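Worksheet: the structure to be examined is printed underneath.
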Amino acid sequence: MRLITLNRTKPNASIEFYGCPMQCKYCSHTAAAFKDYTLDTVINVLSDNGIRSVFVGGAEPALHSKEASVLVRTLHSRGKEIVLKTTGWDPDFIIATKGSVNRYVLEVKTPLDDAKGYSALTSLDEAKAREQLDKVKRTMELLKGQKVRATLRIIPGFYDAEKVERIAKDLEGYVDELHLTQFMSTPNDIAYSGILSPAPEQDVMMELAKAARKHLPRVKIKGIGFDETV
Ligand code: SF4
(Lines give C-alpha, C1' and ligand atoms only; values in the text may rest on other atoms or scores of the structure.)
Protein backbone atom coordinates (compact mmCIF):
# COMPACT_ATOMS: atom_id res chain seq x y z
CA MET A 1 0.00 0.00 0.00
CA ARG A 2 1.38 3.40 -0.97
CA LEU A 3 0.67 5.95 1.74
CA ILE A 4 1.56 9.63 1.92
CA THR A 5 0.95 9.67 5.68
CA LEU A 6 0.22 7.17 8.43
CA ASN A 7 -0.74 9.25 11.44
CA ARG A 8 -1.26 7.10 14.54
CA THR A 9 -2.27 9.98 16.85
CA LYS A 10 -4.74 8.89 19.55
CA PRO A 11 -7.69 8.92 19.68
CA ASN A 12 -8.15 10.18 16.09
CA ALA A 13 -5.76 8.56 13.62
CA SER A 14 -5.60 9.10 9.87
CA ILE A 15 -3.99 7.80 6.71
CA GLU A 16 -3.58 9.33 3.29
CA PHE A 17 -3.36 7.04 0.27
CA TYR A 18 -1.05 8.03 -2.56
CA GLY A 19 -2.33 8.69 -6.07
CA CYS A 20 -5.38 10.22 -7.69
CA PRO A 21 -6.55 9.84 -11.30
CA MET A 22 -7.64 13.49 -11.44
CA GLN A 23 -4.08 14.90 -11.05
CA CYS A 24 -5.28 18.43 -10.33
CA LYS A 25 -2.42 20.90 -10.73
CA TYR A 26 -3.37 22.79 -7.53
CA CYS A 27 -3.25 19.68 -5.30
CA SER A 28 -0.21 19.01 -3.14
CA HIS A 29 -1.01 15.29 -3.17
CA THR A 30 0.00 15.06 -6.83
CA ALA A 31 3.62 15.85 -5.89
CA ALA A 32 3.68 14.17 -2.46
CA ALA A 33 6.18 11.47 -1.59
CA PHE A 34 4.91 8.08 -0.48
CA LYS A 35 6.10 5.09 1.51
CA ASP A 36 5.15 1.46 0.95
CA TYR A 37 3.44 -0.42 3.78
CA THR A 38 1.96 -3.87 3.99
CA LEU A 39 -1.74 -4.11 4.73
CA ASP A 40 -0.97 -6.10 7.91
CA THR A 41 1.36 -3.38 9.21
CA VAL A 42 -1.24 -0.66 8.72
CA ILE A 43 -4.00 -2.77 10.29
CA ASN A 44 -1.79 -3.56 13.30
CA VAL A 45 -0.79 0.08 13.82
CA LEU A 46 -4.36 1.37 13.58
CA SER A 47 -5.86 -1.39 15.74
CA ASP A 48 -4.22 0.17 18.81
CA ASN A 49 -6.74 0.31 21.68
CA GLY A 50 -6.13 4.04 22.14
CA ILE A 51 -7.33 4.82 18.62
CA ARG A 52 -11.06 5.52 18.44
CA SER A 53 -11.48 6.84 14.90
CA VAL A 54 -9.59 6.58 11.62
CA PHE A 55 -9.87 9.03 8.74
CA VAL A 56 -9.06 7.19 5.52
CA GLY A 57 -8.25 9.80 2.91
CA GLY A 58 -5.76 10.78 0.24
CA ALA A 59 -5.69 11.65 -2.77
CA GLU A 60 -8.06 8.76 -3.74
CA PRO A 61 -8.28 5.63 -1.54
CA ALA A 62 -10.35 3.90 -4.26
CA LEU A 63 -7.18 3.57 -6.35
CA HIS A 64 -6.14 0.98 -3.72
CA SER A 65 -9.62 -0.49 -3.61
CA LYS A 66 -8.68 -4.06 -2.68
CA GLU A 67 -6.45 -3.22 0.30
CA ALA A 68 -8.42 -0.15 1.35
CA SER A 69 -11.71 -2.05 1.57
CA VAL A 70 -10.12 -4.84 3.67
CA LEU A 71 -8.54 -2.18 5.89
CA VAL A 72 -11.84 -0.35 6.40
CA ARG A 73 -13.83 -3.52 7.09
CA THR A 74 -11.21 -4.91 9.50
CA LEU A 75 -10.82 -1.69 11.49
CA HIS A 76 -14.57 -1.25 11.67
CA SER A 77 -14.99 -4.81 12.96
CA ARG A 78 -12.46 -3.91 15.67
CA GLY A 79 -14.64 -1.05 16.85
CA LYS A 80 -13.00 1.90 15.09
CA GLU A 81 -15.12 4.72 13.75
CA ILE A 82 -14.28 5.07 10.04
CA VAL A 83 -14.47 8.24 7.97
CA LEU A 84 -13.72 7.54 4.31
CA LYS A 85 -12.98 10.14 1.66
CA THR A 86 -13.52 9.60 -2.05
CA THR A 87 -13.88 11.53 -5.29
CA GLY A 88 -16.44 8.97 -6.47
CA TRP A 89 -13.87 7.40 -8.80
CA ASP A 90 -14.98 3.80 -8.20
CA PRO A 91 -18.60 3.06 -7.22
CA ASP A 92 -17.62 -0.60 -6.63
CA PHE A 93 -15.35 0.63 -3.83
CA ILE A 94 -18.42 2.15 -2.17
CA ILE A 95 -20.23 -1.18 -2.43
CA ALA A 96 -17.20 -2.93 -0.87
CA THR A 97 -17.05 -0.56 2.10
CA LYS A 98 -20.73 0.13 2.77
CA GLY A 99 -21.76 -0.95 6.26
CA SER A 100 -18.23 -0.44 7.60
CA VAL A 101 -18.04 3.34 7.25
CA ASN A 102 -19.52 5.80 9.74
CA ARG A 103 -19.22 8.80 7.45
CA TYR A 104 -18.22 9.27 3.84
CA VAL A 105 -16.58 12.46 2.59
CA LEU A 106 -17.28 13.14 -1.08
CA GLU A 107 -14.98 15.59 -2.86
CA VAL A 108 -16.99 17.49 -5.48
CA LYS A 109 -15.93 20.05 -8.06
CA THR A 110 -18.72 20.99 -10.44
CA PRO A 111 -22.41 20.45 -11.13
CA LEU A 112 -23.04 16.94 -12.47
CA ASP A 113 -23.74 18.24 -15.99
CA ASP A 114 -20.57 20.34 -16.22
CA ALA A 115 -17.97 18.01 -17.75
CA LYS A 116 -16.24 20.99 -19.33
CA GLY A 117 -15.73 22.61 -15.93
CA TYR A 118 -14.61 19.33 -14.37
CA SER A 119 -12.09 18.90 -17.17
CA ALA A 120 -10.77 22.45 -16.65
CA LEU A 121 -10.13 21.74 -12.96
CA THR A 122 -8.51 18.33 -13.43
CA SER A 123 -6.24 16.57 -15.88
CA LEU A 124 -9.14 14.60 -17.38
CA ASP A 125 -10.25 15.40 -20.90
CA GLU A 126 -13.91 16.27 -21.37
CA ALA A 127 -14.99 12.71 -22.29
CA LYS A 128 -13.24 11.27 -19.21
CA ALA A 129 -14.66 14.06 -17.06
CA ARG A 130 -18.16 13.12 -18.24
CA GLU A 131 -17.49 9.48 -17.29
CA GLN A 132 -16.22 10.62 -13.90
CA LEU A 133 -19.34 12.70 -13.28
CA ASP A 134 -21.47 9.66 -14.17
CA LYS A 135 -19.51 7.71 -11.54
CA VAL A 136 -20.04 10.49 -9.00
CA LYS A 137 -23.78 10.27 -9.67
CA ARG A 138 -23.71 6.47 -9.18
CA THR A 139 -21.67 6.93 -6.01
CA MET A 140 -24.25 9.37 -4.67
CA GLU A 141 -27.07 6.91 -5.39
CA LEU A 142 -25.15 4.16 -3.55
CA LEU A 143 -24.56 6.46 -0.60
CA LYS A 144 -28.16 7.61 -0.28
CA GLY A 145 -29.21 7.23 3.36
CA GLN A 146 -25.59 7.12 4.62
CA LYS A 147 -23.92 9.97 6.49
CA VAL A 148 -22.17 11.95 3.78
CA ARG A 149 -20.32 15.24 3.88
CA ALA A 150 -19.44 16.87 0.57
CA THR A 151 -16.37 19.07 0.28
CA LEU A 152 -15.67 21.75 -2.30
CA ARG A 153 -12.45 23.76 -2.67
CA ILE A 154 -13.36 27.27 -3.72
CA ILE A 155 -10.78 28.32 -6.29
CA PRO A 156 -11.33 32.01 -7.10
CA GLY A 157 -12.47 32.59 -10.66
CA PHE A 158 -13.97 29.10 -10.97
CA TYR A 159 -16.98 29.52 -8.70
CA ASP A 160 -19.78 32.01 -8.23
CA ALA A 161 -23.03 31.77 -6.26
CA GLU A 162 -24.94 30.41 -9.23
CA LYS A 163 -22.51 27.52 -9.79
CA VAL A 164 -22.28 26.67 -6.07
CA GLU A 165 -26.07 26.64 -5.87
CA ARG A 166 -26.24 24.23 -8.83
CA ILE A 167 -23.74 21.93 -7.10
CA ALA A 168 -25.78 22.08 -3.88
CA LYS A 169 -28.97 21.32 -5.79
CA ASP A 170 -27.36 18.16 -7.23
CA LEU A 171 -26.34 17.12 -3.71
CA GLU A 172 -29.79 17.74 -2.19
CA GLY A 173 -31.17 14.57 -0.63
CA TYR A 174 -27.78 12.84 -0.81
CA VAL A 175 -25.52 14.69 1.64
CA ASP A 176 -26.21 16.13 5.08
CA GLU A 177 -23.56 18.82 4.93
CA LEU A 178 -21.30 20.69 2.54
CA HIS A 179 -17.93 22.18 3.49
CA LEU A 180 -16.65 25.05 1.37
CA THR A 181 -12.91 25.50 1.83
CA GLN A 182 -11.07 28.70 0.96
CA PHE A 183 -8.34 27.97 -1.60
CA MET A 184 -4.77 28.06 -0.24
CA SER A 185 -5.98 27.91 3.36
CA THR A 186 -4.64 24.39 3.91
CA PRO A 187 -1.33 22.74 3.06
CA ASN A 188 -3.25 20.64 0.51
CA ASP A 189 -3.27 23.51 -2.00
CA ILE A 190 -0.52 24.63 -4.39
CA ALA A 191 -0.49 28.14 -5.90
CA TYR A 192 -2.49 27.99 -9.12
CA SER A 193 -3.76 30.22 -11.89
CA GLY A 194 -2.00 33.26 -10.42
CA ILE A 195 -3.53 32.73 -6.95
CA LEU A 196 -0.68 32.90 -4.46
CA SER A 197 -2.45 33.48 -1.13
CA PRO A 198 -5.71 32.43 0.60
CA ALA A 199 -8.81 33.54 -1.33
CA PRO A 200 -11.70 34.32 -1.69
CA GLU A 201 -12.39 36.56 1.32
CA GLN A 202 -14.75 35.47 4.10
CA ASP A 203 -17.67 37.63 2.87
CA VAL A 204 -17.51 36.04 -0.59
CA MET A 205 -17.33 32.56 0.98
CA MET A 206 -20.42 33.45 3.04
CA GLU A 207 -22.36 34.47 -0.08
CA LEU A 208 -21.51 31.13 -1.66
CA ALA A 209 -22.57 29.31 1.52
CA LYS A 210 -25.92 31.10 1.55
CA ALA A 211 -26.51 30.04 -2.06
CA ALA A 212 -25.76 26.39 -1.17
CA ARG A 213 -27.84 26.57 2.00
CA LYS A 214 -31.01 26.95 -0.11
CA HIS A 215 -30.72 23.22 -0.86
CA LEU A 216 -28.76 21.69 2.01
CA PRO A 217 -29.38 21.48 5.76
CA ARG A 218 -25.88 22.52 6.80
CA VAL A 219 -23.11 24.41 5.02
CA LYS A 220 -19.77 25.25 6.57
CA ILE A 221 -17.15 27.73 5.36
CA LYS A 222 -13.55 27.29 6.40
CA GLY A 223 -10.55 29.48 5.72
CA ILE A 224 -7.78 31.47 7.32
CA GLY A 225 -9.35 33.17 10.35
CA PHE A 226 -12.86 31.82 9.92
CA ASP A 227 -14.82 28.63 10.45
CA GLU A 228 -18.58 29.20 10.33
CA THR A 229 -21.69 27.16 9.86
CA VAL A 230 -24.70 28.51 7.97
S1 SF4 B 1 -7.67 17.85 -5.61
FE2 SF4 B 1 -8.74 15.97 -5.11
S3 SF4 B 1 -9.35 15.17 -7.11
FE4 SF4 B 1 -7.68 16.63 -7.48
S5 SF4 B 1 -5.75 15.43 -7.45
FE6 SF4 B 1 -6.12 16.21 -5.37
S7 SF4 B 1 -7.20 14.53 -4.31
FE8 SF4 B 1 -7.39 14.19 -6.52
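The values are calculated or read from the model by the stated rules, or taken from the named source; none is laboratory data. Please read these numbers as outputs of a predicted model, since none were measured by experiment. Don't worry about glycine lacking a Cβ; one is built from the backbone with ideal geometry, like all the others, and counts go over all protein chains shown.
Yes/no matrix, rows are residues, columns are (1) assigned to a strand (DSSP E or B); (2) over 17 Å from the mean Cα position of the chain (by Cα); (3) under 30 Å from S197 (Cα atoms); (4) within 16 Å of the ligand (Cβ to nearest atom):
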position: T139; (1), (2), (3), (4): no, no, no, yes
position: Q146; (1), (2), (3), (4): no, no, no, no
position: R153; (1), (2), (3), (4): yes, no, yes, yes
position: V164; (1), (2), (3), (4): no, no, yes, no
position: K169; (1), (2), (3), (4): no, yes, yes, no
position: Y174; (1), (2), (3), (4): no, no, no, no
position: L180; (1), (2), (3), (4): yes, no, yes, yes
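Across segment 72-92, which residue is farthest from the chain's Cα centre (by Cα) among those that are part of a helix (DSSP H, G or I) and free of Cβ contacts under 8 Å to residues at least 40 places away in the same chain? Break it down stepwise before answering.
Applying the first criterion (part of a helix (DSSP H, G or I)) to segment 72-92 yields 72-77, 91-92.
Applying the additional criterion that residues be free of Cβ contacts under 8 Å to residues at least 40 places away in the same chain yields 72-77, 92.
Working: V72: 16, R73: 19, T74: 22, L75: 20, H76: 20, S77: 24, D92: 17 Å.
So the residue we want is S77.
Could you tell me whether any residue of segment 123-131 is part of a helix (DSSP H, G or I), within 14 Å of the ligand (Cβ to nearest atom) and free of Cβ contacts under 8 Å to residues at least 40 places away in the same chain?
Residues of segment 123-131 that are part of a helix (DSSP H, G or I), as a first pass: 126-131.
Pick out the ones that are also within 14 Å of the ligand (Cβ to nearest atom) and you get 128-129.
Among the residues that remain, those that are also free of Cβ contacts under 8 Å to residues at least 40 places away in the same chain are: 128-129.
Yes, because at least one residue in segment 123-131 is part of a helix (DSSP H, G or I), within 14 Å of the ligand (Cβ to nearest atom) and free of Cβ contacts under 8 Å to residues at least 40 places away in the same chain.
If a residue has to be near the ligand (Cβ under 10 Å from one of its atoms) and under 11 Å from A59 (Cα atoms) to count, how many in segment 2-30 make the cut?
Step one: of segment 2-30, the residues near the ligand (Cβ under 10 Å from one of its atoms) are 16-17, 19-30.
This time we only want the ones that are under 11 Å from A59 (Cα atoms), so: 16-17, 19-24, 27-30.
The number of residues fulfilling the criteria is 12.
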*Taking A115 and the conditions (1) farther than 18 Å from A168 by Cβ; (2) in contact (Cβ under 8 Å) with a residue 24 or more places away in the chain; (3) crowded, with 21+ Cβ neighbours inside 10 Å, which numbered condition does it fall short on, given that it satisfies the others?*
(2)
*Would you pick out the residues in segment 182-203 that are without any contact (Cβ under 8 Å) to a residue 12 or more places away in the chain and either outside any loop (DSSP other than H, G, I, E, B) or of a type in the set (D, E) (or both)?*
E201, D203
*From the set of residues in segment 48-62 that are more than 14 Å from the ligand (Cβ to nearest atom) and in a loop (DSSP other than H, G, I, E, B), which is nearest to I94 (Cα to Cα)?*
R52
*Give me a count of the residues in segment 7-47 that are modelled with pLDDT under 95 and part of a strand (DSSP E or B).*
0
